[in-house]
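Undergrad: Sharing a structure here in structure tokens format.
Here, each number is a calculation from the coordinates, and none is a lab measurement. All of these numbers come straight from a predicted model, not from anything done at the bench. Here Cβ is always computed from backbone atoms with ideal geometry, including for glycine, and neighbour counts include all displayed protein chains.
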Amino acid sequence: MMYVLSLRQPWAWLVVCGLKRIETRSWSTRVRKPIAIHASSTFGLEEQQKCYETFFSQALLETGVPSPDALPLGQVIGRVNLEDCVEMGSIHFPLGEVSRHKLLTDRELAFGVYAPKRFAWMLSNAVCYEPHHRIVMPGKMGLFKVDGDVLLGRRPPPAEDAQGR
């Protein structure tokens, strides 16, 4: 079994390309291992508009994505190592232990929500899967487990039940 984190675009793409090395969340995790990154099938107007902001548009062009509609949706698109999960501290920046990782560039700050009582998931060793290695499957909220054979393409993902679980 492998943990999977579903992210909306363009953040999922930035993570698997290694350009977003801190994922900010409202919740913590004790998981410290490789996790798969799933690109959500939801890609709303707000997320699409984000792609045209300076840091986002530059990053997408660096990775060969000409426009937001070229981003993959509804599939596992890569993996990263989840190295650490650090709680952000006071309202004064830098936020607690996050600064010790020396990853907080202006671009990284633009890619996340850095605020007190949030958590910085420290990521490393990003791998972006080639299109023929991506696994089309539904995402879920939070970290969820998927059989490793599914992620290796040896077995299809399980069908969702009537309640979408």
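Undergrad: From the square roots a ≥ b ≥ c of the eigenvalues of the alpha-carbon gyration tensor of the range 2-151, which class results: rounded (a/c under 1.5), prolate (a/b over b/c), or oblate?
TA: Details: a/c = 1.81, a/b = 1.21, b/c = 1.49.
Because a/c hits 1.5 or more and a/b fails to exceed b/c, the range 2-151 counts as oblate.
Undergrad: Related question: How many nm separate the modelled label positions at S57 and A110, each set 7 Å beyond the Cα in the direction of the Cβ?
TA: Label-label distance for S57 and A110, simple model: 1.0 nm.
Undergrad: Treating cross-link reach as a plain straight distance, find the lysines whose alpha-carbon is under 28 Å from the alpha-carbon of K50, omitting any fewer than eight places away in the same chain.
TA: K50 reaches K20, K102, K117, K140.
Undergrad: Another question about this same structure. Please give the peptides 45-56, 68-79, 11-22, 114-125 ranked by average Cβ packing (other Cβ atoms within 10 Å per residue), highest first, as a rough proxy for protection.
TA: Those peptides, ordered most packed to least, come out 11-22, 68-79, 114-125, 45-56.
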